[in-house]
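Worksheet: the structure to be examined is printed underneath.
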Amino acid sequence: MQKTNSLNSRIDKAIFEYKLLEDGDKILIGASGGKDSTALIEYFSNRKKRKNANFEFTALYIQSDFAPPFPAKVLELYKEWNVNFVTVNADILNRVHKDQKMSCYWCSTQRRYELMKYAMKNGYNKIALGHHLDDILETLLMNMLNKGELCTMPPILQYEKYPLQIIRPLCYVPEERIILHAQEVGYAGYTCTCNYQDNSARKSARKKLEELTGGDEGKKDRMFAALKNIKFDYLPKSCE
């Protein structure tokens with residue numbers, strides 16, 4: 001119970017500090033069946049039971065033309081949690097151009113497109129994604145080392161062209177806490193098993209993050225805090 005409360009308190013902190021949840025919100029949660037999105041959906045289900053919980057949410061699973069069906073065990077939990085669950089079919093593989101290689105990146109962009117399309121068609125104003133603290137820091141390292149850019153996935157993002165916000169309520173939650181909680185509740189173990197995975201850059205960044213922090217949550221917290229505590233006067237200026 002202590003680990004669960006600790007996980008929930010970190011999500012509460014993110015929601016409070018970044019104002020991720022407001023009265024009247026209609027939120028679409030990207031559901032994969034994995035531990036991260038399931039932990040997020042469980043949190044929203046529990047929060048919905050609180051007094052004065054004036055928001056709606058739906059879990060949406062994008063069933064691609066090559067991925068296995070949504071895990072039945074997780075779906076049973078959704079029913080216990082009284083989660084509104086929707087599946088949308090998408091021919092992601094058939095959208096790959098002739099000169100293009102199928103990849104995790106392409107798959108994720110197509111899934112995001114389907115989430116946005118469904119959200120706008122059905123009146124949702126926010127899309128919640130299950131990216132946690134480690135995801136955000138790994139993306140930071142990937143962009144720094146591979147693109148020469150200081151950027152990552154923000155806790156909240158307002159699209160310029162669409163009436164939608166992307167929110168990441170797990171931004172303060174280290175992956176290890178989600179793993180431990182998923183083991184306690186009983187939904188650990190489901191991951192993507194498609195034949196098109198190419199996560200070499202992500203795996204390399206994960207290894208570098210582990211080397212930098214030694215898995216220490218405090219060091220990960222300080223890395224995230226550094227993104228909000230930038231000393232511009234002590235950084236190189238653009239020569240352009």
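Below, the figures for the structure above:
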quantity: Globularity index of segment 107-165, i.e. its alpha-carbon radius of gyration over 2.2 N^0.38 Å; calculated: 1.28
quantity: Lysines whose Cα lies under 19 Å from that of Lys237, excluding same-chain neighbours fewer than 8 positions away; calculated: Lys147, Lys228
quantity: Inter-site label distance for Ala225 and Asn84 at 7 Å from Cα along Cβ, in nm; calculated: 3.9 nm
quantity: The chain, helix-only ellipticity at 222 nm - DSSP H runs n ≥ 4, -39,500 (n - 2.57), divided by all residues, nearest 500; calculated: -13500 deg cm²/dmol
quantity: Per residue, the convex hull volume that the Cα atoms of the chain enclose (Å³); calculated: 160 Å³
quantity: Paramagnetic label zone (point 7 Å from Cα along Cα-to-C-beta, Lys147; backbone N under 18 Å) in segment 105-122; calculated: 105-113
quantity: Alpha carbon Rg of segment 100-209, scaled by the compact-globule rule 2.2 N^0.38 Å; calculated: 1.17
quantity: DSSP beta bridge pairing in the chain, given as percent antiparallel to the nearest 5; calculated: 15 percent
quantity: Virtual spin-label span in nm between Leu180 and His97, 7 Å along Cα→Cβ; calculated: 4.6 nm
quantity: Value of Rg/Rh across segment 4-59 [Cα atoms, Kirkwood radius]; calculated: 0.94
quantity: Nitroxide proxy distance, nm - points 7 Å out along Cα→Cβ at Gln158 and Lys13; calculated: 2.6 nm
quantity: Residue-normalised accessible area of the chain, expressed per residue, 1.4 Å probe, Å²; calculated: 58 Å²
quantity: Only Lys, Arg (+1) and Asp, Glu (-1) charged, at Cβ; the chain dipole about Cα centre in debye; calculated: 240 debye
quantity: Hits among aspartates and glutamates - C-alpha to C-alpha of Lys207 under 13 Å, sequence gap 8 or more where chains match; calculated: Asp134, Asp135, Glu138
quantity: Förster radius 41 Å - calculated FRET efficiency between Leu212 and Tyr113 (Cβ-Cβ, nearest 0.05); calculated: 0.75
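The values are calculated or read from the model by the stated rules, or taken from the named source; none is laboratory data. Source: prediction; values computed, not measured. Counting neighbours? That spans all protein chains shown, and the Cβs are built from the backbone with ideal geometry, glycine included. SASA here: full protein model, heavy atoms, side chains in, ligands and nucleic acids out. Shrake-Rupley method; radii C 1.70, N 1.55, O 1.52, S 1.80 Å.
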